Amino acid sequence: MFNKQELQLMGKTLTQRREWLLKCLDNPEMASSRIQNQQTIYALDGIINKLSKQLQPVTETITETREQSTSVNHYISPKSASPAQTRRQQLTADQIKVLVVDDDTLLLELLTAILNSAGITKIDISNNGMKAVTMMYETNPIYDLVLCDWYMPEKNGIDVHTAMRASERYHGTIFMLVTGVTEAKLIRDAIEEGVDDYVVKPLEREKMLKKIARHFPQIKAGV
């Protein structure tokens, strides 16, 4: 069993390795090893995510202790009080940056049309999970919202979510699964993994926008 300091050191070392590999992806001299480097990055993402989860109980204990010492009588989760949430509440439709991921071209077009109808125009699309993860790491500024299909080849929606959360800068991004899955247990498991919300296919514009408006209150779901 590793202690907190050892886990933090391991996480820092693996993160530095991952960042170096990410830079190598655009190096023409290393083009032949691009796929291998991408696979290594995804593997590192999973390990870093597991390390973060092991450190999380320690962080929660520290937070709880601080709250008790200042006579806070109820728990406020870091997520609900985060700067990211405050920023989301202020974003207008034309400021929200979205990544839409689905291997179905028609669904990509439909999702884009629904978003456009609400005034959301900063939209990037990806037809597979592996490409989506690369796009998330390479874009700047980051995406505020990721709408992702659950079942896709190479990387499914849960894999994409795990890779996204492994990056600290994406801890405040809203991740929504767009899926035909309706089994309660599977959806509950996904939420417990940190997925923020889900939308069930076939898509309905009003329901879709209401889901988004929960996280971005400046969006007018009824327009």
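None of the figures in this text is laboratory data; all of them are computed from the coordinates on show. Model, not experiment: these values are computed from the prediction. Backbone-built Cβ (ideal geometry, glycine too); neighbour counts: all protein chains shown.
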Global form of the range 78-172, assessed from the alpha-carbon gyration tensor, a/c cut-off 1.5: oblate
Under-5 Å amide H pairs with Lys97, H placed in peptide plane, nonlocal only: Asp144, Leu145
Vicinal HN-Hα couplings computed from phi for the range 200-215 (Karplus, 6.51 cos²θ - 1.76 cosθ + 1.60; Hz; Gly/Pro x): 8, 6, x, 6, 10, 3, 5, 5, 4, 5, 5, 4, 5, 5, 4, 9
Cβ crowding within 10 Å averaged over residues, with 190-202, 150-162 ranked highest first: 150-162, 190-202
Neighbour net charge for Leu106 - beta-carbon separation under 13 angstrom, K R +1, D E -1: -4
